[in-house]
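Notes for the one structure printed next.
The values are calculated or read from the model by the stated rules, or taken from the named source; none is laboratory data. Keep in mind it's a predicted model, so treat the numbers as computed, not measured. Cβ placement follows ideal geometry from the backbone for every residue including glycine, while neighbour counts extend to all protein chains displayed. Side chains included, ligands, DNA and RNA excluded: accessible areas come from the protein's heavy atoms. Shrake-Rupley method; radii C 1.70, N 1.55, O 1.52, S 1.80 Å.
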Amino acid sequence: QPFFLAVSTVEPRKNFERTVRAFLRLRDGGWPGTLKIVGKWYIDFQPLVDLAARHPEAVELLGAVDDDTLLGLMRTATGLVYPSLYE
């Protein structure tokens, strides 16, 4: 199954809520893939957790993964997403 991958620390300034909302619009348009978010959580980011929980078929919060897993995800991703507004 195709998927987009976002890799970063998971915190509000990384813009993941907006990314998930935009991704859900893409899915509403018929794209069959998922969005996988990978990264260490530095704070309790409940709004993102709640949003992802409402769409488990579309959004996966994978947390921190080891280097081999990350490499495999990057190699097989349809595309990479870097949504930060701050950097």
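Structure notes:
- When the criteria are applied in full, Val49 meets the requirement of being free of Cβ contacts under 8 Å to residues at least 24 places away in the same chain and β-branched (Val, Ile, Thr).
- Contact map, the stretch 16-32: residues that are closer than 15 Å to Leu51 by Cα and in contact (Cβ under 8 Å) with a residue 60 or more places away in the chain paired with residues that are open to solvent by 70 Å² or more (accessible area, probe 1.4 Å) and of a type in the set (A, V, I, L, M), Cβ distance under 9 Å, separation 6+ or inter-chain. Pairs shown: Arg18/Leu85.
- Some residue of the stretch 43-66 being more than 13 Å from Ser8 (Cβ to Cβ), in a loop (DSSP other than H, G, I, E, B) and in contact with a Phe, Trp or Tyr (Cβ under 8 Å, 6 or more places away or on another chain): yes
- Pick from the stretch 32-51, criterion within 21 Å of Met74 (Cα to Cα) and open to solvent by less than 60 Å² (accessible area, probe 1.4 Å), ranking: farthest from the chain's Cα centre (by Cα): Gly33
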